[in-house]
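Participant: To start, I am sharing the structure in question, which I have written as structure tokens.
Each value in this text was obtained by applying a stated rule to the coordinates, not by laboratory testing. Because the structure is a prediction, the values reported are computed rather than measured. Note that each Cβ is placed from the backbone with ideal geometry, even for glycine, and that neighbours are counted across all protein chains shown.
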Amino acid sequence: MTSPTETQKSIALVFDGMREVVLEKNRRYGDSALSPLGCFSKLSADESIRIRLDDKLKRISNAQTADLRKNDVADIIGYLSLLCVSRGWTDFQDLID
């Protein structure tokens, strides 16, 4: 087995860091993405997450500056992670050729 490249080490760091962010936000928000309160919306968790992704992408596209913010990217990764959980996509070995 070969040693990981610097890029591979950085990829692992990104996912390790995002894991902590997503888990902490899930704790703070009481699992609201996958178990919404449902006061104002009766949409499924899956649909609600997709709307949040649309909103975040729209805000990025409408930004007055060309600078992409770290928080925006982290939010998108977090929402995509929650969408995977919502759909039961927790094993990705089948995607490796």
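Participant: Distance from a point 7 Å along Cα→Cβ of D31 to each backbone N in the stretch 78-97: keep the residues under 17 Å and list them by number.
Facilitator: Label zone hits: 82-90.
Participant: Using a 7 Å offset from the Cα along the Cα-to-Cβ direction at both Q8 and N71, what is the distance between the two label points in nm, to one decimal?
Facilitator: My value for the distance between the label points is 3.5 nm.
Participant: Please give the helix 6-28 orientation as an angle from the longest Cα principal axis of the chain, in degrees from 0 to 90, rounded to the nearest 10.
Facilitator: 30
Participant: Still on this structure: Is the shape of the chain rounded, prolate or oblate, going by the alpha carbon gyration tensor and its root eigenvalues a ≥ b ≥ c, with a/c under 1.5 for rounded and a/b larger than b/c for prolate?
Facilitator: Oblate is the answer for the chain, as a/c is 1.5 or above yet b/c matches or exceeds a/b.
Participant: Contour minus end-to-end for A63 and V21, with contour as 0.36 nm per residue of separation and end-to-end as the Cα-Cα distance?
Facilitator: Residue separation times 0.36 nm, minus the Cα-Cα distance, leaves 12.8 nm.
Participant: For the chain, what's the relative contact order in percent, using C-alpha pairs closer than 8 Å and at least 6 residues apart?
Facilitator: Here the relative contact order equals 30 percent.
Participant: Can you work out the Karplus-derived ³J(HN,Hα) for every residue in the stretch 60-67? Use 6.51 cos²θ - 1.76 cosθ + 1.60 with θ = phi - 60°, whole Hz, and x for glycine or proline.
Facilitator: Result, ordered by residue: 5, 5, 8, 4, 6, 10, 7, 6 Hz.
Participant: For a quick check: sort L34, L68, L95 by the number of other beta carbons within 10 angstrom, fewest at the front.
Facilitator: L95, L68, L34
Participant: When the helix-only estimate is applied to the chain (DSSP H runs of n ≥ 4, each -39,500 (n - 2.57), divided by the residue count), what is the mean residue ellipticity at 222 nm, nearest 500 deg cm²/dmol?
Facilitator: -20000 deg cm²/dmol
Participant: Give the order of L82, L23, L37 when sorted by the count of other beta carbons within 10 angstrom, beginning with the fewest.
Facilitator: Starting with the residue having the fewest Cβ neighbours, the order is L37, L23, L82.
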